[in-house]
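The values are calculated or read from the model by the stated rules, or taken from the named source; none is laboratory data. Bear in mind that the values here come from a model prediction, so they are computed numbers and not experimental data. Reconstructed Cβ throughout: ideal geometry from the backbone, glycine too, with neighbour counts over all protein chains shown.
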Amino acid sequence: MRSLSRGITPLLLLLPGTAWLIVFFAVPMAFMLLVSLQQGTFDTGYRQTWNFGIYPEVISQYWELYLRSAVFALTATALTLAIGYPVAYTIAFRGGRLKNALLLIVVLPFFVSFVIRTLNWRMILSDNGIVFGFLKDLGVVAPDFHFLATPASVIFGLTYNFLPFMILPLYVAIEKIDRRLIEAATDLYASRLQAFWRVTFVLSLPGVVAGSLLTFIPAVGDFITAEVIGAGNPQVFMVGNIIERKFLTSLDYPSAAALGFVLVAVVMVLVTIYTRLVGSDRLSG
Amino acid sequence: MTSAAPTQATATHRPPLRARLANLVLPVFTGLLLLFLFSPIGVMIAFSFNDPAGRQNITWQGFTVRNYVDLWGRSQITGPMVNSLLIATSSTVVATTFGTLIALALTRFTFRGRWLMNLLIFIPMTAPEVILGASLLTLWVTFDIERGLLTILAAHVMFNISFVVVTVRARLAGMNRTLEEAGMDLYADGRTTFWKVTFPLIFPGILSAALLAFALSIDDYVITLFSAGHTLTFPLWVFGVSRLGIPPEVNVLGTLIFLTAFAFIGVQLWGQRRQGKAAPITLVGR
Amino acid sequence: MSDQESRSQIELTIDNLMRRDLISRRTFIRRAGRGGLAFGAALTLPALLAACAAPGSSQKAAAIKWLNWPAYIDIDSVDESKYPSILAFTEQTGIPVEYNEGLLDNADFLSTYAPDFNAGHNTGWDVMSPGGWVVERMGRNGWLEELDHSKLPNWTANCADYAKGLWFDPDNKYSVWWQGGITGLAYDPNLTGREITSFDDLLDPAFSGRAGGFSDMRDMFGLTLLSLGKHPEEATVADVEKARDKLLAVPDGHFRGFYDNSYYDALAAGDLAICVAWSGDVSQMVLNDNPNVKFVVPEEGGMRWNDNLVIPKGGANLENAHKLLNYYYSVAAATMLDEYVGYFTPVKGVSEQIAADAEAARAGSADASPDPETADYYEALAPTIVPSAEQIGNTYPDKQLTEEEEGKWNDLFEAVIGA
């Protein structure tokens, strides 16, 4: 039986932060749920009509956007994993004294605002800009080729922006691996490749999971990359774009809110499937 | 990287060329990737010195330092920059405090509903930003709350709390409890133990949580977009003025921020080096 | 944006610093504090100083805060942060102006400020420049101050007939015309390889991947409806559905994107061969960024629109706001503006003034040598800044949409832009 003060202490500690999260996160989410079930227009006002029919309506109309966003995000995640793993591995195993320095160098570009970085990429990748102007002059690339405003460019942009989100968790996980386990594997006649897959990679899985989630979840809801790098091309229009448009341009709050909730549901389902598959439960790092 | 030949460098036997080259693959790849990561930064710095004739800033038209000299007098940067710094500082202070308290509660006490608490912390970190921003907009509109600095601040504290909790909690979890127990064995009460033992030990965690919160807040675009109304923060301003080409001021500011971060990190690393760690670079081989 | 794991490596470094006992916590805080102060000061001090020196703090006259579209004011050729017509105004009246080019899209503008207006909050602006249909909505909802025409003698004297009494504000109760233009097609003949005459040219498969659509629903659907032989002011939802179908029938990848103002960049850079564009933007582009580009009104018709100066309700600067509105109806100010911006002016006599300036430039004067380039430009510009009868005949205004209609048109448009 705890004394009174010990019983209250955790509550007091929790109170300010929890209250804030409830008021500014949980309550708004609840409101968004309510708003999704309303009908009306902005000027004439919205009425709570408990219009559950909006969900099938919204899903049937926009399911392709969810699919497209998931595909883009998955591809970007796979790419960041493929690119980021060797880098994290190199820094962890070969970095020596420079480990911290190298990590900080990886993160350094991302101190500059993400908006500025994306805008500069748009400039670099423009049709007759630094990269493609040069390639076109060389004749390597057709004169009317363009990279911007294509799905590939959006995936490229997403991959770039989320690389550190993948590299850092990977690094943390790989760095912790006890080298002696790898030595033991090779002692037991495993080839270097086998030692890598069976030992190193498996032990680094929590990092892979953390990095994948930290990349996939924000990527699936992103709309800036599609707007800036994708130039508003219809083929790259993502779920985030339609939600933003409905909230900030068409003022169609009920549909926008419904789309938002479906997105949350989709993300939760995919995340659950993924973590069950991988069998890891160490998501909070 | 599937060399089957083991790379044994004994005193008399140099590893075969193929193996040595194979050993270079990873570091070269890493080096190239680091260059790749810096490419927009490099371009940004270069074009901050550009002197464009019209509104377009995509071809090199002449070197000038005028953009740097004129920076604060021109266009409307000062307002958004000040807003961003104000919001970042305040939200960092508040979020770090609240988040640390929660982390302490979660790791040091047991109580019913821990799983609920964990959920409450976990979901904001993983929900896409567009959802967080949009739901807050719903709140503001429902209650007719004027959007501006305060609503942005509320939003930033909200999403920062989760990150602070996770950071500090990891630190707390990895902490050696015996030190606290030692403190209490030496007749220190709870409060003294906390301030003299626990707090100094978790301080690096709190500090890095604060830095993280600051960085997240300064750079936030999506959530801020929904809660700002017509107030401008730095990322919002950048986006707005870049509709018709990236004005040089944007690159100038980006460069300044980058150089500041670079200097900060450089000083840290130099400080480390000074403590006698002048070791040769060992990127190839172990 | 950093993440939860960037904290671990920062933490590692800090931890390393401390654990090695080489630097006590107090020292670290002190140093970090100093460093942080230095950094913060370096970054913010100039900003704060500049902010303090900004017009807002001068006791003489409250600055007029004006929200306008980009590419809608004359810009000094040497220093792009100076706007000559505004500087002249401040010199004449002593009232500073805080000019902001944050108005990027009519629909976005309305939705950003609608919640504030609905709740009766002050938007922070004294003057705004929205389009016609927005003015109609704002006026109807009571969000605008009524103009005091006794304070606008220049308007009464100089406003051309085509610029007053329009459908969205027939008595000019709330608004005066700022600038007007036409939405049509812009193209680069070097890239298209031929002249452009019709909206259907935009859909020509030869331009696949280099054609630009517009993200403004009214403009884009307007042009499409015209190409189907329907007048936008009379279009029904069924007509708009046909317009949507026509745009959706275009193969994927044909439209490089549906742009807002940012088409300017893409067109000037050569990313687009042909796109939907605003007339005045193209004049400015030819002058400043890309001399090859041409503007054409599609033969089936273009969209005619104008933006207006309005005073939102709740502002405290009514007197000064009226002065600004009045100022831009003086021939001198309107000429200064239009010689740069190139859109339709509402002020009588500007066309003649520009022609006179052309002659003056050609002749040279005591302080300036003859400038044939500028003279040619003004000469070519002078007749274009007043809408001709032909242009008025071949261009059409927006339809006054009810909320319901607008919702439906928006939904149909969302299908076009990718949803």
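Can you list residue pairs whose Cβ atoms sit under 7 Å apart, with the first residue in the range B:92-106 being under 14 Å from residue B:212 (Cα atoms) and the second being basic (Lys, Arg)? Count only pairs 6 or more apart in sequence or on different chains.
Pairs that qualify, where the first residue is under 14 Å from residue B:212 (Cα atoms) and the partner is basic (Lys, Arg): there are none.
Within the range C:110-130, take every residue that is assigned to a loop (DSSP other than H, G, I, E, B) and out of contact with any His (no Cβ under 8 Å at 6 or more places or on another chain) and give me the one that is surrounded by the most Cβ atoms within 10 Å (Cβ to Cβ).
Quick first cut of the range C:110-130, residues assigned to a loop (DSSP other than H, G, I, E, B) only: C:120-126, C:129-130.
Within this subset, residues satisfying the condition of being out of contact with any His (no Cβ under 8 Å at 6 or more places or on another chain) are C:120-122, C:126, C:129-130.
Values: C:120: 12, C:121: 17, C:122: 13, C:126: 23, C:129: 22, C:130: 26.
For the range C:110-130, the residue satisfying everything is C:130.
Which condition does residue A:119 not pass, out of (1) touching a Leu at 6+ places or on another chain (Cβ under 9 Å); (2) at the interface with another protein chain (Cβ under 7 Å from one of its Cβ atoms), if it passes all the others?
All conditions are met except number (1).
Only one residue in C:107, C:71 is at pLDDT 80 or above, more than 10 Å from chain B (Cβ to nearest Cβ) and surrounded by 15 or more Cβ atoms within 10 Å (Cβ to Cβ). Which one?
Numbers: C:71 fails: more than 10 Å from chain B (Cβ to nearest Cβ).
Exactly one of C:107, C:71 is at pLDDT 80 or above, more than 10 Å from chain B (Cβ to nearest Cβ) and surrounded by 15 or more Cβ atoms within 10 Å (Cβ to Cβ), namely C:107.
Could you tell me how many of the residues in the range C:226-242 are within 19 Å of residue C:182 (Cβ to Cβ) and in contact with a Leu (Cβ under 6 Å, 6 or more places away or on another chain)?
Number satisfying all stated conditions: 2.
Going by the structure shown, is residue A:196 of a type in the set (A, V, I, L, M, F, W, C), part of a helix (DSSP H, G or I) and more than 14 Å from chain C (Cβ to nearest Cβ)? If you could, list the steps in order and put the result at the bottom.
Values: of a type in the set (A, V, I, L, M, F, W, C): yes; part of a helix (DSSP H, G or I): yes; more than 14 Å from chain C (Cβ to nearest Cβ): yes.
So residue A:196 passes the test.
Could you go through the range A:142-149 and let me know if any residue there is in contact (Cβ under 8 Å) with a residue 24 or more places away in the chain, at positive phi and aliphatic (A, V, I, L, M).
Of the range A:142-149, the ones in contact (Cβ under 8 Å) with a residue 24 or more places away in the chain are A:148-149.
Cutting the leftovers down to at positive phi gives us A:149.
With aliphatic (A, V, I, L, M) added as a condition, the list becomes A:149.
The answer is yes; a qualifying residue exists.
Take the range A:87-114 and flag every residue that is facing chain B (nearest Cβ under 7 Å) and either charged (D, E, K, R) or in contact with a Ser or Thr (Cβ under 6 Å, 6 or more places away or on another chain) (or both).
A:87, A:90, A:94, A:96, A:97
Is it fair to say residue B:191 is part of a helix (DSSP H, G or I), touching a Pro at 6+ places or on another chain (Cβ under 8 Å), more than 10 Å from chain A (Cβ to nearest Cβ) and under 24 Å from residue A:12 (Cα atoms)?
Details: part of a helix (DSSP H, G or I): yes; touching a Pro at 6+ places or on another chain (Cβ under 8 Å): no; more than 10 Å from chain A (Cβ to nearest Cβ): yes; under 24 Å from residue A:12 (Cα atoms): yes.
Judged against the criteria, residue B:191 is not a match.
Starting from the range C:356-372, keep only residues that are closer than 19 Å to residue C:338 by Cβ, then list their pairs with residues that are among the hydroxyl-bearing types (Ser, Thr, Tyr) whose Cβ atoms are within a distance under 6 Å, requiring at least 6 positions of separation or different chains.
Matching pairs, first to second residue: C:357/C:378; C:358/C:378; C:361/C:374.
Run down B:50, B:57, B:67 and say which single residue is modelled with pLDDT under 85, facing chain A (nearest Cβ under 10 Å), closer than 30 Å to residue C:68 by Cβ and surrounded by 15 or more Cβ atoms within 10 Å (Cβ to Cβ). Full working, then the answer.
Details: B:50 fails: facing chain A (nearest Cβ under 10 Å); B:67 fails: facing chain A (nearest Cβ under 10 Å).
Only one candidate qualifies: B:57.
Only one of A:182, A:167, A:217, A:242 is in a helix (DSSP H, G or I) and free of Cβ contacts under 8 Å to residues at least 40 places away in the same chain; which?
Working: A:167 fails: free of Cβ contacts under 8 Å to residues at least 40 places away in the same chain; A:217 fails: free of Cβ contacts under 8 Å to residues at least 40 places away in the same chain; A:242 fails: free of Cβ contacts under 8 Å to residues at least 40 places away in the same chain.
Going through A:182, A:167, A:217, A:242 in turn, just one is in a helix (DSSP H, G or I) and free of Cβ contacts under 8 Å to residues at least 40 places away in the same chain: A:182.
In the list A:17, A:84, which residue meets the criterion of being within 9 Å of another protein chain (Cβ to nearest Cβ) and under 24 Å from the mean Cα position of the chain (by Cα)? Steps first, answer last, please.
Details: A:17 fails: under 24 Å from the mean Cα position of the chain (by Cα).
Residue meeting the stated conditions: A:84.
What number of residues within the range B:161-181 satisfy the criterion of being among the β-branched types (Val, Ile, Thr) and out of contact with any Phe, Trp or Tyr (no Cβ under 9 Å at 6 or more places or on another chain)?
Initial filter on the range B:161-181 (among the β-branched types (Val, Ile, Thr)): B:161, B:164-168, B:178.
From what's left, out of contact with any Phe, Trp or Tyr (no Cβ under 9 Å at 6 or more places or on another chain): B:167-168, B:178.
The number of residues fulfilling the criteria is 3.
Go through the range C:161-177 residue by residue and tally those that are within 22 Å of the chain's Cα centre (by Cα) and more than 17 Å from residue C:137 (Cβ to Cβ). Give the derivation first.
Looking only at the range C:161-177, we keep the residues that are within 22 Å of the chain's Cα centre (by Cα), and these are C:162-164, C:166-169, C:172, C:174-177.
Now restrict to residues that are more than 17 Å from residue C:137 (Cβ to Cβ): C:162-164, C:176-177.
Final tally of qualifying residues: 5.
Residues that are under 20 Å from the mean Cα position of the chain (by Cα) and within 14 Å of chain B (Cβ to nearest Cβ): find the helices (runs of 4 or more DSSP H) completely inside the range C:202-320 holding 1 or more of those.
Details: elements: C:217-227, C:237-248, C:263-269, C:279-288.
In the range C:202-320, the matching helices (runs of 4 or more DSSP H) lie at C:263-269, C:279-288.
Give B:157, B:164 a once-over and let me know the one that is more than 7 Å from every other protein chain (Cβ to nearest Cβ), assigned to a helix (DSSP H, G or I) and surrounded by 18 or more Cβ atoms within 10 Å (Cβ to Cβ).
Details: B:157 fails: more than 7 Å from every other protein chain (Cβ to nearest Cβ).
Exactly one of B:157, B:164 is more than 7 Å from every other protein chain (Cβ to nearest Cβ), assigned to a helix (DSSP H, G or I) and surrounded by 18 or more Cβ atoms within 10 Å (Cβ to Cβ), namely B:164.
Given B:149, B:85, which one is under 20 Å from residue B:238 (Cα atoms), surrounded by 20 or more Cβ atoms within 10 Å (Cβ to Cβ), more than 8 Å from chain A (Cβ to nearest Cβ) and in contact (Cβ under 8 Å) with a residue 24 or more places away in the chain? Walk me through how you get there before you give the answer.
Details: B:149 fails: surrounded by 20 or more Cβ atoms within 10 Å (Cβ to Cβ).
Criteria check complete, one pass: B:85.
Contact list please: Cβ distance under 6 Å, first residue in the range B:205-225 and charged (D, E, K, R), second residue part of a helix (DSSP H, G or I), pairs at least six apart or on different chains.
Every condition considered, the pairs that remain are B:219/A:114.
Any residue in the range A:122-140 that is free of Cβ contacts under 8 Å to residues at least 24 places away in the same chain sitting within a Cβ distance under 6 Å of a residue that is of a type in the set (D, E, K, R)? List the pairs, counting only those 6 or more apart or interchain.
Listed by first residue and then by second, the contacts come to A:127/C:271.
Looking only at the range C:394-409, which residues are in contact with a helix residue (DSSP H, G or I) (Cβ under 8 Å, 6 or more places away or on another chain) and either closer than 18 Å to residue C:166 by Cβ or buried (at least 18 other Cβ atoms within 10 Å of the Cβ) (or both)? Spell out the reasoning first.
Within the range C:394-409, the first condition is being in contact with a helix residue (DSSP H, G or I) (Cβ under 8 Å, 6 or more places away or on another chain), and the residues that meet it are C:396-401, C:405, C:408-409.
Across the range C:394-409, the qualifying residues are C:396, C:397, C:398, C:399, C:400, C:401, C:409.
For the range B:88-104, name all the residues that are buried (at least 24 other Cβ atoms within 10 Å of the Cβ) and either more than 9 Å from chain A (Cβ to nearest Cβ) or not aromatic (Phe, Trp, Tyr) (or both).
Taking the range B:88-104 and keeping what is buried (at least 24 other Cβ atoms within 10 Å of the Cβ), we get B:91-92, B:95-96, B:98-100, B:102-103.
Hits for the range B:88-104 are B:91, B:92, B:95, B:96, B:99, B:100, B:102, B:103.
Select the helices (runs of 4 or more DSSP H) contained entirely in the range A:1-118, then report the ones holding at least 1 residues which are without any contact (Cβ under 8 Å) to a residue 24 or more places away in the chain and surrounded by fewer than 17 Cβ atoms within 10 Å (Cβ to Cβ).
Numbers: elements: A:4-21, A:27-36, A:54-94, A:99-107.
Because the criterion is at least 1 residues that are without any contact (Cβ under 8 Å) to a residue 24 or more places away in the chain and surrounded by fewer than 17 Cβ atoms within 10 Å (Cβ to Cβ), the helices (runs of 4 or more DSSP H) in the range A:1-118 that meet it are A:4-21, A:27-36, A:54-94.
Checking residue A:146 against (1) under 30 Å from residue B:249 (Cα atoms); (2) at pLDDT below 90; (3) in a helix (DSSP H, G or I); (4) not charged (D, E, K, R): exactly one of these is not met. Which one?
So residue A:146 meets the others, but not (3).
Take the residues in the range B:202-252 that are of a type in the set (A, V, I, L, M) and more than 8 Å from every other protein chain (Cβ to nearest Cβ), then tell me which one is surrounded by the most Cβ atoms within 10 Å (Cβ to Cβ).
First, pick out the residues of the range B:202-252 that are of a type in the set (A, V, I, L, M): B:202, B:206-207, B:209-213, B:215-216, B:218, B:222-223, B:225, B:228, B:232, B:236, B:238, B:241, B:244, B:246, B:250, B:252.
Within this subset, residues satisfying the condition of being more than 8 Å from every other protein chain (Cβ to nearest Cβ) are B:202, B:206, B:210, B:213, B:223, B:228, B:236, B:252.
Details: B:202: 24, B:206: 20, B:210: 22, B:213: 28, B:223: 24, B:228: 21, B:236: 22, B:252: 23.
Step by step, filter the range B:202-252, then rank; the result is B:213.
In the range A:247-259, is there at least one residue being at the interface with chain B (Cβ under 8 Å from one of its Cβ atoms), assigned to a loop (DSSP other than H, G, I, E, B) and among the acidic types (Asp, Glu)? Can you show your working first?
Here is the first cut: in the range A:247-259, the residues at the interface with chain B (Cβ under 8 Å from one of its Cβ atoms) are A:247-248, A:253, A:256-257.
Applying the additional criterion that residues be assigned to a loop (DSSP other than H, G, I, E, B) yields none.
No.
In the list B:26, B:21, B:32, which residue meets the criterion of being part of a helix (DSSP H, G or I), among the aliphatic types (A, V, I, L, M), modelled with pLDDT of 90 or more and over 28 Å from residue B:225 (Cα atoms)? I'd like the intermediate steps shown before the answer.
Details: B:26 fails: modelled with pLDDT of 90 or more; B:21 fails: modelled with pLDDT of 90 or more.
Checking each option against the conditions leaves just B:32.
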